[in-house]
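**Q** Please find one structure pasted underneath; my questions will follow.
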Number of protein chains: 2
Amino acid sequence: MADHGVKQPLLAGLNDSPLQPKTKSIDRRRFRHCRSAPAMNAFPEKTHIALSPISESVLSKLYPTFRKVVVILAIYLGIGTFCFFTVRHQIKGKKTNGILDSLYFCIVTMTTVGYGDLVPDSFTTKLLACAFVFSGMALVGLILSRAADYLVEKQETLMVKAIHSNHTIGTTEMMKEIETNRVRYKLLMVTTFLVLLMLTGTVFLYKVENLNLVDSFYCVCSTITTLGYGDKSFSTKGGRIFAVFWILTSTICLGQFFLYLAELNAEHRQRALVKWVLTLRMEKVDLEEADLDEDGVVSAAEFIIYKLKEMGKISQEDIALVMEEFEDLDADQSGTLSASDLVLAQSPRKGC
Amino acid sequence: MADHGVKQPLLAGLNDSPLQPKTKSIDRRRFRHCRSAPAMNAFPEKTHIALSPISESVLSKLYPTFRKVVVILAIYLGIGTFCFFTVRHQIKGKKTNGILDSLYFCIVTMTTVGYGDLVPDSFTTKLLACAFVFSGMALVGLILSRAADYLVEKQETLMVKAIHSNHTIGTTEMMKEIETNRVRYKLLMVTTFLVLLMLTGTVFLYKVENLNLVDSFYCVCSTITTLGYGDKSFSTKGGRIFAVFWILTSTICLGQFFLYLAELNAEHRQRALVKWVLTLRMEKVDLEEADLDEDGVVSAAEFIIYKLKEMGKISQEDIALVMEEFEDLDADQSGTLSASDLVLAQSPRKGC
């Protein structure tokens with residue numbers, strides 16, 4: 001879970017980033033020192049690309065937006081509720097209202113909470129539940145990769161605006177602070193949200209489902225972790241209405257909490273690795289290796305590539321791909337690109 | 001996430017470059033070795049560094065090995081079984097053997113399957129279960145980040161050996177093939193393993209727990225997804241012995257399946273992004289931005305950094321960190337590093 005989880009949301013996080021062209025004026029201020037890619041510092045690993053109006057359209061094709069995910073979820077729940085409502089007489093257990101129970105059963109299944117207060121009681125229903133739990137898991141994964149990042153970014157946009165309107169605080173300093181501690185900040189946000197959800201759940205179960213405090217807390221824990229023993233669950237109509245919203249939100253929130261924790265962990269390790277690579281002694285043999293254009297000396301850019309390669313941030317394949325492009329562009333084969341190279345190399349392409 | 005599979009081996013391959021005569025023998029060994037070193041692949045594009053004997057020891061400190069994870073799991077299950085055994089009279093439900101039931105309850109809880117065939121029946125036990133489910137989730141996450149990669153790497157080591165001993169096949173070609181399709185290959189392996197686990201589970205439940213075929217399959221699905229309604233579960237002594245091994249393996253296997261699926265997806269996206277960035281027209285303004293040393297032309301290395309930054313593979317922060325180091329090393333402030341710079345810059349450090 002550790003690393004993959006970490007990265008997926010980052011990748012997906014791009015679209016709703018507050019760093020979109022619309023807010024370009026903010027970006028400029030924010031990353032004055034960055035020469036090319038304003039969006040870069042926000043997501044350390046791989047998703048920092050220079051956002052332009054073109055890139056936005058390309059990215060929206062590459063990464064599903066939060067809105068798209070919500071639409072998929074609505075369709076999923078619609079179909080699920082309809083299916084389980086159709087076979088409602090083949091589901092046994094404590095029932096309240098037909099449609100509500102179907103939706104509740106659908107949510108309890110897709111989040112893998114599986115209390116067992118409602119269970120399929122025919123071959124069809126059992127196989128249907130199997131189909132819905134697998135697709136539900138995939139969908140929850142998709143939501144996980146979008147939801148909390150979306151909230152965090154919304155929050156950040158507000159923050160950027162607040163800072164922007166309050167010029168007494170050093171904007172750049174503040175943003176830098178937020179950026180370097182971004183993961184920590186995301187973890188803090190999601191933890192706060194999680195605690196609030198747990199409190200709401202406990203109070204609700206205590207008040208509405210008439211459980212005692214320990215049982216309420218126990219049911220909350222059993223639910224958000226998707227454990228769902230089922231000895232305590234939502235059995236009233238009001239409880240199930242609350243449950244359909246609360247279960248989905250809280251299970252996803254806990255998932256996100258673990259993802260951010262893993263991300264923080266990975267970040268610490270990455271920093272240790274970077275620190276270590278930077279303290280390595282450079283030997284003559286390293287110089288030779290770093291010397292890409294073989295002119296006998298290592299330029300700053302060559303040194304950067306060499307060290308980033310050592311840190312594992314870029315690979316020989318990445319370099320080879322870009323080198324091909326460079327050679328295509330270097331029309332006069334001088335080993336450097338100048339404006340005249342671009343004119344020569346790119347002019348035939350204008351027709352495209 | 002996207003390209004790490006691709007990157008790892010390529011970097012290792014890089015060490016075979018003739019530019020690195022001194023460490024050649026070590027690196028060669030490492031090239032094969034790194035596939036068996038589980039510590040490396042778990043944290044994808046972050047850990048592939050030009051490896052030397054020193055780095056290996058540093059890495060083992062940074063990343064927990066598979067063996068360490070197994071030890072942690074054993075300790076967790078030991079403590080869990082002991083605790084639940086101590087409070088076994090405060091757990092209600094279908095019982096077989098005291099210690100076995102405690103272990104089974106511990107596994108069902110930590111994997112969040114939570115059938116509910118055994119449920120806590122006192123405040124203490126309920127709170128204990130809460131504690132164990134949270135820590136169990138974290139532990140399962142840790143295992144997820146290590147286990148399947150470990151298996152895949154073991155398999156790959158065997159494959160590399162097989163290829164190596166059979167010189168009629170082009171080793172490099174074959175390795176390249178495996179490496180570019182690494183994620184696909186991992187997904188295939190984990191899917192095969194998952195199908196085998198599901199078959200074993202279904203056959204076992206059919207034969208030993210006397211469920212019919214649909215119910216067996218339903219119970220298998222309900223378990224591996226951690227849904228665990230609990231209407232069908234392992235109720236016999238033999239069943240629970242099987243369950244403690246099978247539940248842990250299969251839930252982790254399904255988790256890994258989803259992770260690899262996400263990884264494959266991210267890889268496709270990353271490739272599309274790289275392709276798109278490479279086809280972007282270079283304008284004069286891009287040249288200016290790419291020109292790190294401001295000498296009016298863009299060298300190959302500068303071009304590479306510019307494009308990789310656009311692809312989001314490296315960030316301004318990464319560059320700034322390495323630049324600092326470069327400036328420290330550039331003793332004569334010529335803007336390039338030569339052997340004499342190294343002697344000047346690094347000699348005072350010798351005493352450290």
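Readers should treat all values here as calculations from the given coordinates under stated rules, not as data from a laboratory. Just so we're clear, the structure is a prediction, and the values are computed from it rather than from any experiment. With ideal geometry, Cβ positions are generated from the backbone for all residues, glycine too; neighbour counts draw on all protein chains shown.
**Q** Rounded, prolate or oblate: which fits region A:230-298 when a ≥ b ≥ c are the square roots of the eigenvalues of the alpha-carbon gyration tensor, with rounded for a/c under 1.5 and prolate only if a/b beats b/c?
**A** Since a/c reaches 1.5 and a/b is larger than b/c, the shape of region A:230-298 is classed as prolate.
**Q** Here's something else I'd like to know. Apply the Karplus curve 6.51 cos²θ - 1.76 cosθ + 1.60, θ = phi - 60°, to the phi angles in region A:106-118 and return the couplings in whole Hz, x for Gly and Pro.
**A** Per residue, the Karplus-derived 3J(HN,Hα) values read 5, 5, 4, 6, 5, 7, 6, 5, x, 4, x, 6, 10 Hz.
**Q** Right, here's the next one. What does the copy distance list look like for residue B:268, label position 7 Å along Cα→Cβ, in nm and ordered from shortest?
**A** Result, one decimal in nm: 3.6.
**Q** While we're on this one: Can you sort B:76, B:115, B:104 so the residue with the fewest Cβ neighbours within 10 Å comes first?
**A** B:76, B:104, B:115
**Q** In nm, to one decimal, how far is the modelled label at residue B:236 from the one at residue B:339, with both set 7 Å along Cα→Cβ?
**A** 7.7 nm
**Q** Okay, next question. Rounded, prolate or oblate: which fits region A:292-332, taking a ≥ b ≥ c as square roots of the Cα gyration tensor eigenvalues, rounded meaning a/c under 1.5, else prolate when a/b beats b/c?
**A** Because a/c hits 1.5 or more and a/b fails to exceed b/c, region A:292-332 counts as oblate.
**Q** Each residue of region B:238-249 in turn: what ³J(HN,Hα) in whole Hz from Karplus with 6.51, -1.76, 1.60 and θ = phi - 60°, glycine and Pro shown as x?
**A** Whole-Hz 3J(HN,Hα) from phi for region B:238-249: x, x, 6, 4, 4, 4, 4, 7, 5, 4, 4, 4.
**Q** Can you list, shortest first in nanometers, how far residue B:208 lies from the same residue in the other copies, with each label 7 Å from Cα toward Cβ?
**A** 4.2
**Q** Amide H neighbours of residue B:91 under 5 Å, at least 5 residues apart or on other chains, H built in the peptide plane: list them.
**A** Sorted by chain and number, the residues that satisfy this are B:121.
**Q** Now for a different question. What is the set of long-range amide H partners of residue B:228 at a cut-off below 5 Å, with H atoms built 1.01 Å from backbone N?
**A** So residue B:228 has HN proximity to B:223.
**Q** Any idea what the dipole of region A:241-352 comes to, in debye rounded to 20, about its Cα centre with Lys/Arg Cβ at +1 and Asp/Glu Cβ at -1?
**A** Rounded to the nearest 20 debye, it is 1000 debye.
**Q** Obtain the nm distance between the two label points defined at residue A:99 and residue A:212 by a simple spin-label model: each point lies 7 Å from its Cα along the Cα-to-C-beta direction.
**A** For residue A:99 paired with residue A:212, the spin-label model returns 3.9 nm.
**Q** Take the alpha-carbon centre of region B:294-333, take the same for region B:182-199, and report the distance between them in whole Å.
**A** 41 Å
**Q** As a footprinting exposure proxy, order B:263, A:283 by other Cβ within 10 Å, with the fewest listed first.
**A** By the 10 Å Cβ count, ascending, the order reads A:283, B:263.
**Q** Using θ = phi - 60° and the Karplus curve 6.51 cos²θ - 1.76 cosθ + 1.60, what whole-Hz ³J(HN,Hα) does each residue of region A:83-89 get, with Gly and Pro shown as x?
**A** Ordered by residue, 3J(HN,Hα) equals 4, 5, 5, 4, 9, 4, 7 Hz.
**Q** On to the next question. With each label point set 7 Å from Cα along the Cα-Cβ vector, what nm distance links residue A:82 and residue B:195?
**A** 3.2 nm
**Q** Just rank A:198, B:311, fewest to most, by other beta-carbon atoms within 10 angstrom.
**A** The order, fewest Cβ neighbours first, is A:198, B:311.
**Q** Next up: Run through the other copies and list how far each one's label point is from that of residue B:181, in nm with one decimal, shortest first; the point sits 7 Å from Cα along Cα-Cβ.
**A** Result, one decimal in nm: 4.8.
**Q** Classify region B:210-352 as rounded, prolate or oblate, taking a ≥ b ≥ c as the square roots of the eigenvalues of its Cα gyration tensor: rounded when a/c is under 1.5, otherwise prolate if a/b is larger than b/c and oblate if not.
**A** oblate
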